[in-house]
Each structure stands twice: as structure tokens, then as C-alpha cells.
Amino acid sequence: MADTPKAAGADDEIALGDITEQNESTSQDQEEDPEAVLASFRKEWQRELEGSSAQKGNVHPTVRSPPLVPPIPPRGSPRIAKVTPQPEPPVTSANTSTGYTYDGGSHSTTPTVEDDVKPDIVIKATELFNKAVELEQTRRLYEAIQFYRRAMTLVPDIEFRVHLQNVDRSEGYRSGGLVVETEDQNTEDNLDQEELQDLVMRFQVLLASSPALCTPQYDQEAAHISCLPPEMLERIMHWVVGSDLDLRSLEQVSRVCHGFYLLGRNPEIWHKACLRVWGVSCGLPGTYGSWREMFVHKPRPRYNGCYIARTTYFRPGETSYQDQHYHPWHVVQYYRYFRFFPDGIVSMLTTTDEPTTVLTQLRTREVRNSQILQGRYHIHGTNMSLVFNRHVRDRLVTRRKGRRFIGGTTDVAETIFQIELEIRALKRRPHWLLVWRKYSIVSVDFDNKQNISQIDVNDTNKFPNLAFSRVKSYTGSSEFPLI
């Protein structure tokens, strides 16, 4: 070390001085600026990273990797008196074309070089990528590949860009929080969290000194919704719920501010919703604690979507007379849909059409397809009983010349479908599954004779569970308010 040339860098001089000082065991400490030592350490680290990346050629220079042997800082430094090697940070992927490093755990980007991609090209590539995702979800894979290829031709790392945009958007939504209406921002922090665990009581305390339920966040010249009286705001909440019991929209509105949260927790609204579902026999909340908890947790069907089940089975085909050794098989697939309404009406449809083409036909109570059966349902605890009637047209009486027509006794005048389903939860989603319990078909002849057929529903391949699927168009508007 004593023969080291003077042309060595500042970092080499620091290391040489430290080692010489340790070997001679002198009591004099070098008094140097800690910031300068830290800056030189960073330069040396960056130089080593650039050298290693130049040798490998496939790792971007900005991927953080600590040196094998960190330089020894001078003794007496108040900030970095001792440097210990740190474990390598988890870097899952590095994109060398655009200079972005992606960490799967933190969802962050680190720009390394200037991004030469124009913003309009990025927007165009994002639209193509989103279109490809929609096509892939609808099983149009060939067209999706074409859009994926066009998007990646414009921006090679468009997949990471779209993913990071979605992550940032979701994090921004979660961190947005509620809009505080009061002028004192510290009043919420001064409240005792243990004493006011109930948010309703907590927000009532916050709004006790405020004359309005909400205040505008930004100054505006037009009239704000806070100018309306509380009675009018409650009426608006009844329209938000509507006659189809769209309580999910009410929960979304209650996230706007403290005042809307109190309106969304109005017991009158939830009591009316319970009466629409269970009628006067709903009783009192009892063990549920409130009308809202009763509506959320007590077994009932969901109204803002459809329950869908897909059945698939194999059917043997006809053997060809030309080749007796060839035995064809056919794959048969069909869907069964159930759409429930709060007033006790239910629609059932069994068809081979996929949900994308059928769900619009089940939006209203009006029967738009002759194959749709409409009936009534009743809730009994965790089970529901459904009854559907199918009436056939009157029997045609035809007469031939010189002959007398004798009507048969096997003509079916009416078919009654009796179904019993059990309401179950799926993980943390209540009322998400419908399980078959009973299924019987009653055929009534024109001479009032009945023929009852019991169908075995224990075979889950023929009668799979029906899973709920929310349809946004079902709650896009309200025709009548909640009464």
C-alpha cells in the first residue's frame, strides 16, 4: 500500500489514509467532512455498477447492487462511523429499453434515462393495450393478439406502464380519504379513538358545530349541494337506492364526506329496504344490532346482477356407416340464469347463449324472450322456493270430413317448475352462491291429471352451483324512489 501512485483518486487516498492510520495505531483522527466522504462513496459505488453492467450487457446501470467490499470510512465520522454490508434489494425485472426498473413489491418506477417516447404515442399504445385486454376477456384471442402486437410495437414496455398506472390509481383512491368539512383540521386527531369507535357517533360529534352536512372543498360561483335542506338530501338518498334496492350505490355515496356518511347510515332507509325484502315478517334487528347489519348479513338474494351456472357434458354421436371404428362425441354446453327482483319476481332462462348476449334481456321485468320463465320466490331462512308456470296454447280441435275427432288425454296444458335453492356465502361475499336442493316438474293435462317428476340435483355436474355476477347496467338508473 505504501507504493500506491499519487494519481489515485480521492477515494483511494481516503482508503489509504485509513489503512495507514490503522496499521500505525496513531491517536490522531482525520477531521474530514462526512458529506464529502459520503459523496465519494456514492461515486465509487456508481462507478463499480457501471463497470459491472458494461461487462454483462443485460442489466441496466441503475439496478441497485451493493459492492462486495465497501470502503472503510474515516474514524471519527459522526454519521457513518461504521458501514455494514446490506442485503441486496429485491429487484424482479429491469427494462433496458426505456430505463424503468420494476419492483414487484413496491410498485414503483425509477427513471434512469430520458424517455424519448412521445406522450401521444403512449396514449395510443395504452388504448390498444386496453382494447386487447377486453378482447381477451371475451375469448377473442386472435384479435387480442393483433392489438397486443400493435401496442408493443409502439411502446415495448406498455404492459408495465399500464400496470403501474392502475396501481398508482388504486393507491391514490385508497389514500384520498374523506373530505373534511370543518375548518379545524386537528379536531379529528384530538378525538379519542377508543371512546368513539362507532363512526356514526364520531361524525356526529364532528358535525355538531357545523350548520350544514357538507361544505364545498373548492370555491365556486354556482350553488353547491350543501345549500339544500337535509330533508331534500334524504329524498335524494331514497332515489339513489331506488325501487330495485341499489344499496351498493348508497355505500358509494356515503364515501364522499362525513355528512353523506351519516345520510347513508340513516336507519329509515335500511328499515324500508328490509321491509321490501322480507315484508312485515322481517321482525326486529335483534341479534344483528341494526337494520343495516340485518340487510347485509341475513340470507337473501342479490338484486344488482344475475346468478349464472354453466353445465357441460358429453353426448355420443352417431357412428358413420363408412367407418365403424369411428365413434364421435359431442360436447354440449348451456347456461342457466336467475334474475331476482325485490318485489318477489324471479326470471329464469336456460339457453346456450353466452352471458354477454343474454344479460340485457333480463334487465327489466318485461319478458323479451319467449324462452324466459317468470315466476315468484319466497325466502324461508337460508332457503328460497321458486315456482314457475308455463302455459301452453289451447288444444287445437281439428275435424276431418266424415270423421269425428276424439281428443286425447295426454296433452299437457300447463307445466309447473318447483325449485328450492340454498343461499350461501363465498369466502367474504355474502349471498354469492345458490345451491340446488330440490327440483320437481309438475305436468297438468287438459283433463286436470297431474304427473310429478322428481329430478335428482345431487349430481353437481348436471346441476352446478349458481354464482352471482354483478351487472352495472341493472343499476344505471332508478325509475322510482325507495318507498
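Here are some notes:
- When Arg395 is tested against the conditions (1) modelled with pLDDT under 85; (2) exposed (fewer than 11 other Cβ atoms within 10 Å of the Cβ), the lone failure is (2).
- Hits in the range 238-279 (condition: small (Gly, Ala, Ser), over 21 Å from Phe203 (Cβ atoms) and assigned to a helix (DSSP H, G or I)): Ala273, Gly279
Let's see how each residue does on (1) surrounded by 14 or more Cβ atoms within 10 Å (Cβ to Cβ); (2) of a type in the set (Lys, Arg); (3) modelled with pLDDT under 90:
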{"residue": "Tyr321", "(1), (2), (3)": "no, no, yes"}
{"residue": "His325", "(1), (2), (3)": "no, no, yes"}
{"residue": "Pro328", "(1), (2), (3)": "no, no, yes"}
{"residue": "Ile345", "(1), (2), (3)": "no, no, no"}
{"residue": "Met348", "(1), (2), (3)": "yes, no, no"}
{"residue": "Thr352", "(1), (2), (3)": "no, no, no"}
{"residue": "Leu359", "(1), (2), (3)": "yes, no, no"}
{"residue": "Arg368", "(1), (2), (3)": "no, yes, yes"}
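- Taken over the range 434-483, the residue count meeting the criterion of being free of Cβ contacts under 8 Å to residues at least 40 places away in the same chain and among the aliphatic types (A, V, I, L, M) is 7.
- When Asn465 is tested against (1) under 27 Å from the mean Cα position of the chain (by Cα); (2) over 15 Å from Ile308 (Cα atoms); (3) surrounded by 12 or more Cβ atoms within 10 Å (Cβ to Cβ); (4) not hydrophobic (A, V, I, L, M, F, W, C), only condition (2) is not met.
- Test: Trp291 is among the aromatic types (Phe, Trp, Tyr), over 16 Å from Asp244 (Cα atoms) and outside the structural domain of Val332 (by TED's automatic domain parsing): yes
- Selection within the range 135-148 - of a type in the set (D, E, K, R) and surrounded by 12 or more Cβ atoms within 10 Å (Cβ to Cβ): Glu136, Arg140, Glu143
- Residues of the range 447-483 that are among the basic types (Lys, Arg) and assigned to a strand (DSSP E or B): Arg470 alone.
- Being modelled with pLDDT of 75 or more and closer than 30 Å to Lys472 by Cβ holds for only one residue in Val179, Val240, Val200, and it is Val240.
- Answer residue from the range 234-286, given it is in contact with a helix residue (DSSP H, G or I) (Cβ under 9 Å, 6 or more places away or on another chain) and hydroxyl-bearing (Ser, Thr, Tyr) and is farthest from Phe341 (Cα to Cα) among those: Tyr261
- If you go through the range 283-311 and keep only what is surrounded by fewer than 18 Cβ atoms within 10 Å (Cβ to Cβ), touching a residue at least 12 places away in the same chain (Cβ under 8 Å) and in a helix (DSSP H, G or I), you end up with Val296, His297.
The values are calculated or read from the model by the stated rules, or taken from the named source; none is laboratory data. A quick note: this is a predicted structure, and the numbers were derived from the prediction, not measured. All Cβ positions, glycine included, derive from the backbone under ideal geometry; neighbour counts span all protein chains shown.
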